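Engineer: Starting off with a structure, shown below.
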Amino acid sequence: MADDLYIRQMLLGDLENFTYILADKASGAACVIDPAADPATIKAVLEKEKFSLKMILLTHGHYDHVVGVDKYDVPVHLSSAEAVFYLPAAKHLTRTLDGEKVRLGPFVIEALHTPGHTPGCQCFLVEGNLFTGDTLFMEAVGRTDFPGGDARQLFNSLQRVKALPDTTVVWPGHNYGSGRSGILGDMKRSNPYLACEDIKEFLSYLG
Ligand SMILES: [Fe+2]
């Protein structure tokens, strides 16, 4: 069934955001994760592939991940913890809870609450793919010095990510570092923030 899941990674904007289009190849049902910078480019891909957009999933509410969500006539999923802090002006905002599942055709997408970069950051897990937003990059992690950031929470969230199978494919929210996606088992060694098992050491990395 995983072969029927379409994943397209799009590099958009001056901040090198990654927007993702996921789709069920069989039905054409699609969702967009973290629309960034350029709604016209995203729309063009959806039209070219003849996909039908069913929903938008937001890893968090920072402005560079929510571009144009006020224009879409589909549900926009943001974590309930984020909605009280960073609230994008979506027409159809839906608040998700930790562990909540949404369906895309035959696929189940699970929201994992991973606070730290912001209070309501969430990752999305589907068919062994984890979309991490600004929680986890290839060789770094998201900043914790913005309003609502919490380094200790981020450390705990990363321990939760590390508990997923080593084969999990990580798709980050920005093009920071080498490579555009990674295998969690490899990243546990190559990403010092992920390799770190001691909170004091972790905090020292963040400075
Ligand atoms: Fe962010």
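Engineer: Measure up Lys71/Lys101; Lys25/Lys50; Lys48/Lys91; Lys43/Lys71 against 21 Å on the Cα-Cα distance and list the ones that go over.
Structural biologist: Working: Lys71/Lys101 24 Å; Lys25/Lys50 10 Å; Lys48/Lys91 25 Å; Lys43/Lys71 12 Å.
Violating the 21 Å limit, Cα to Cα: Lys71/Lys101; Lys48/Lys91.
Engineer: In deg cm²/dmol, rounded to 500, what helix-only [θ] at 222 nm does the chain give when every DSSP H run of at least 4 residues adds -39500 (n - 2.57) and the total is split over its residues?
Structural biologist: So the helix-based figure for the chain works out to -5500 deg cm²/dmol.
Engineer: Using Cα pairs closer than 8 Å and at least 6 residues apart in sequence, work out the relative contact order for region 2-206, in percent.
Structural biologist: On the way: 473 pairs, mean separation 29.8, N = 205.
Relative contact order comes out at 15 percent.
Engineer: What residues of region 122-146 lie in the reach of a label at Thr167, counting those whose backbone N is under 18 Å from a point 7 Å from the Cα along Cα→Cβ?
Structural biologist: Taking a point 7 Å out along Cα→Cβ of Thr167, the residues of region 122-146 whose backbone N falls under 18 Å are 125-131.
Engineer: On full extension of the chain, what length is gained from Glu127 through Lys25, given 0.36 nm per residue of separation minus the C-alpha to C-alpha distance? Show your work: numbers first, answer last.
Structural biologist: Values: separation 102, 0.36 × 102 = 36.72 nm, distance 1.41 nm.
Taking Glu127 through Lys25 to full extension adds about 35.3 nm, to one decimal.
Engineer: What distance in nm separates the simple spin-label points at Val108 and Asp145, each placed 7 Å from Cα in the Cβ direction?
Structural biologist: Computed distance between label sites Val108 and Asp145 equals 4.1 nm.
Engineer: Determine the gain in length on full extension of the stretch His92-Ser190; use 0.36 nm per residue of separation and subtract their C-alpha separation, reporting nm with one decimal. Write out the running numbers ahead of the final one.
Structural biologist: Values: separation 98, 0.36 × 98 = 35.28 nm, distance 3.92 nm.
Extra length available between His92 and Ser190 comes to 31.4 nm.
Engineer: Which value in nm describes the separation of the simple spin-label points at Gln159 and Glu197, placed 7 Å from the Cα toward the beta carbon?
Structural biologist: Output for this residue pair reads 1.2 nm.
Engineer: Also, quick follow-up: With +1 on each Lys and Arg Cβ and -1 on each Asp and Glu Cβ, and nothing else charged, work out how big the dipole of region 2-206 is about its Cα centre, in Debye to the nearest 20. Working shown, then result.
Structural biologist: On the way: 19 positive and 26 negative charges, 64 e Å.
Rounded to the nearest 20 debye, it is 300 debye.
Engineer: Right, here's the next one. Between Thr19, Thr59, Thr41, find the one with the highest GNM mean-square fluctuation for the chain; connect C-alpha pairs within less than 10 Å.
Structural biologist: Checking each option, the largest mean-square fluctuation is seen for Thr41.
Engineer: In nm, what is the difference between 0.36 nm times the number of residues separating Ser80 and Leu206 and their Cα-Cα distance?
Structural biologist: Numbers: separation 126, 0.36 × 126 = 45.36 nm, distance 2.68 nm.
Answer, rounded to one decimal: 42.7 nm.
Read-outs throughout are calculated quantities, based only on the coordinates presented, and are distinct from any laboratory measurement. Keep in mind that this is a model prediction, so the values were computed, not measured. Please note: Cβ atoms are built from the backbone with ideal geometry, for glycine as well, and neighbour counts cover all protein chains shown.
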